[in-house]
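Have a look at the structure below before the remarks.
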Amino acid sequence: MNRDTDWGYLAPLLGKAFGETLQMVSVALLFAGVFGLALGIALYVTRRGNFFANRAVFTVLNVLVNFVRPIPFVIFIFAVGPATMAVVGKTIGTEAAIFPMAIMASFAFSRLVEQNLVGLDPGVVEAARAMGASRWRIIWSVLIPEALGPLILAFTFLVIGVIDMSAMAGIVGGGGLGDFAIRHGYQRFNWEVTAVAVVVIVIMVQAVQVLGNVLSRRVLRR
Amino acid sequence: MTTAAPPIVSFRDTVKTFPATAGLVRAVDGVTLDIHAGEIFGVIGYSGAGKSTLVRLINALEPVTSGAVLIDGKDITGLPESELRRVRAGIGMIFQQFNLLASRTVAGNVAYPLAVAGWPRDRRRARVAELLDFVGLADKARQFPSQLSGGQKQRVGIARALATNPRILLADEATSALDPETTQDVLDLLRRVNAELGITVVVITHEMDVVKYTCDRVAVMEDGKVVEHGDVYSVFARPQHPATRRFVGTALRDRPSPAALERLRHRHPGRIVTVAIREDGAATVDLTRALREHPIDGTVVYGGITEIAERPYGSLTLELAGDDAAITAFIEDLSRSTTVLDLGTAAAPLADPDAVGPRASAFSSGDQGGDAR
Ligand SMILES: Nc1ncnc2c1ncn2[C@@H]1O[C@H](COP(=O)(O)OP(=O)(O)O)[C@@H](O)[C@H]1O
Ligand SMILES: [Mg+2]
């Protein structure tokens, strides 16, 4: 920190890193939002006693989620390398980092979704069934709206987890703020650069959390 | 009342089992029962008797294990899901915990079944207004359920259940989460639904008062079986099954318990008799007449008279003073028009034959004049 830091050189790099983080996080979240929600709903509805109860499907999904979730992300990135290659066409770069992030985030989100749905009063589902609503209609017109407040908070939690994951993207040349902090700060013993990168991340996280809180509160104020 | 009408709901040897830790639970165990169009039918039983399961077979929320359920004479067992949805849409249901959608306003909740049934938006709005007006919540349309009291929530539940003009309304413990006053309001509303809209109402409850106040006919359930059913007054005025007797006992504590009888004998050492008050016995009139005509004095020391299905029901316990022959003549006279149970005197007590249960079997069986001792 006592060294003169060349911000004229670093600032554009920081900007680029910020852009990469935004890109990785938003694409991964977009994917996880859709796929994780679907998987979470699938876990919920195939549970015993629920309206698509199916022991085999539930068990497969449940074991899959339990298997993937505890894998440390750094290892997961390499573990899914072949799949990344097949889908993205390369294993290096920002896009290559997005793929494992999206998968891991989907699995993480699915569990959060499932938990929030399990917390719903089954009575409202029963009421909708008694009115003759189809099961698909119940999913989009009862399950999701009724759990929306907690789902927004769960998604907020996920955003922060995905920002955290993105810090490891540098390992496959994905860039981003974490990579910037390590490369230009940590590895050069430049604490000022590290601190700036950290502050940017903290501000992002804060902004996301505040937004999530406001949205969920708006939905829950009823 | 609805003698010739075909049953709107009919159970034929209906069985519903659930897998349990040890084998199977027979939640509904061979029920055969008809519910007639236009009546308010009660199903009473203790928790776990199988009432909810029975009612959920009517709108096929659960498939039967064996036997059949007929709606309007049509067997619904084994229908595909798409057709069951149509059956359900024609049957309204309300719940103990109301089960309103917290994410929707009152109007949104009432509109939900209309959307399910594919009503166009403008007709939906008019129908919602009409329904909220009917249940007296027109001013609450834009509120959320969490802003309402329990009674108001159940009114929304009723409006929602009636939205698509069902012919049957199922009420599963609809008043069990409400205080007595609100319960009365909701029961009144159910009676209006029946009387003004002609909707058949099936009321599930564990409370005798609900059946007593609301229902035309009743089935008493225990262990998945209907142990007794029929006209509310006859079922409860002459209960045959112990479960029925227990329910009658909860509705009116008109007869002294063994402990209360002990205390009575201390205060009133003379001859004690309990006189049944039934609509067909004109018993209070007869009692007054018999007291006037016989050379004895009678003092009411215990008792109660209530209404079941809008007819008088209860008993009065009296201490009789006079000589033994006169008292015996009095009892014999009165026994010709109603049931009189002689409890003896403090010096020579006669036991209540039903002292173990809250109600009397012989006493309640209603064979007039037969069982005075
Ligand atoms: N979905 C279910 N799975 C397993 N057992 C059930 C289920 N629903 C009800 N039961 C059992 O069936 C019996 C009757 O339950 P229910 O119909 O809810 O009784 P009630 O409404 O009279 O209290 C109980 O023993 C209950 O545990
Ligand atoms: Mg029940």
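Assorted remarks:
- Across the accessible surface of chain B, with the other protein chains kept in place and a 1.4 Å probe, carbon and sulfur atoms take up 51 percent.
- Residues in the stretch A:106-132 occluded by at least 10 Å² - accessible area, probe radius 1.4 Å, against chain by itself: A:Asp121, A:Gly123, A:Val124, A:Glu126, A:Ala127, A:Arg129, A:Ala130, A:Met131, A:Gly132
- Annotation for the A:B interface, with buried accessible surface near 2000 Å², both sides summed [1.4 Å probe; non-protein components not counted].
- Here is what passes the span test in chain B: the DSSP H helices with alpha carbon length of 24 Å or more along the helix axis and a Kyte-Doolittle mean of -1.0 or above are B:180-197.
- Charging the Cβ of each Asp and Glu at -1 and of each Lys and Arg at +1, and nothing else, the dipole of the protein assembly as shown about its Cα centre rounds to 2380 debye.
- Over all Cα atoms in the stretch A:45-121, the spread is summed up by Rg and Dmax: 15.1, 46 Å.
- Here B:Lys140 is the anchor, and the aspartates and glutamates within straight C-alpha reach of less than 19 Å, apart from those fewer than 8 places off in the same chain, are B:Glu130, B:Asp185.
- Residue-normalised accessible area of chain B, given per residue in Å² at a 1.4 Å probe: 42 Å²
- Whole-percent carbon and sulfur share, accessible surface of chain A, 1.4 Å: 68 percent
- Of B:Lys153/B:Lys212; B:Lys51/B:Lys153; B:Lys153/B:Lys225; A:Lys16/A:Lys90, those spanning more than 29 Å from alpha-carbon to alpha-carbon: B:Lys153/B:Lys225
- One compactness figure for the stretch B:7-251 is 1.00, namely its Cα radius of gyration divided by 2.2 N^0.38 Å.
- Less than 5 angstrom separates the built amide H of B:Gly67 from those of B:Val15, all sequence-distant by 5 or more or on a different chain.
- Most mobile listed residue (B:Ile199, B:Ile327, B:Ile44) in chain B, GNM with C-alpha springs under 10 Å: B:Ile327
- With Cα atoms, 0 to 90° folded angle of helix A:191-220 axis to chain A main axis: 20 degrees
- List of the stretch B:44-86 residues, accessible area with partners at least 20 Å² below that of the chain alone (1.4 Å probe): B:Arg56, B:Leu61, B:Glu81, B:Arg85
- Highest-fluctuation residue, B:Gly92, B:Gly38, B:Gly78 considered, GNM on chain B with Cα pairs under 10 Å: B:Gly78
- Solvent exposure of chain A amounts to 50 Å² per residue of accessible area, where only protein heavy atoms count and the probe is 1.4 Å.
- Of the residues making up the stretch B:106-137, those losing 50 Å² or more of accessible area when the isolated chain is joined by the remaining protein chains, with a 1.4 Å probe, are B:Tyr112, B:Val116.
- A probe of 1.4 angstrom, applied to the heavy atoms of all protein chains, finds A:Thr59 with accessible area near 70 square angstrom.
- Sorted from greatest to least, the principal axis extents spanned by the alpha carbons of the protein assembly as shown come out as 122, 54, 52 Å.
- Equivalent ellipsoid dimensions for the stretch A:1-154 as semi-axes, Å, which come from the Cα gyration tensor, largest first: 39, 19, 13
The values are calculated or read from the model by the stated rules, or taken from the named source; none is laboratory data. Values in this document were obtained by computation on a predicted structure and should not be read as measured data. With ideal geometry, Cβ positions are generated from the backbone for all residues, glycine too; neighbour counts draw on all protein chains shown. Side chains included, ligands, DNA and RNA excluded: accessible areas come from the protein's heavy atoms. Shrake-Rupley method; radii C 1.70, N 1.55, O 1.52, S 1.80 Å.
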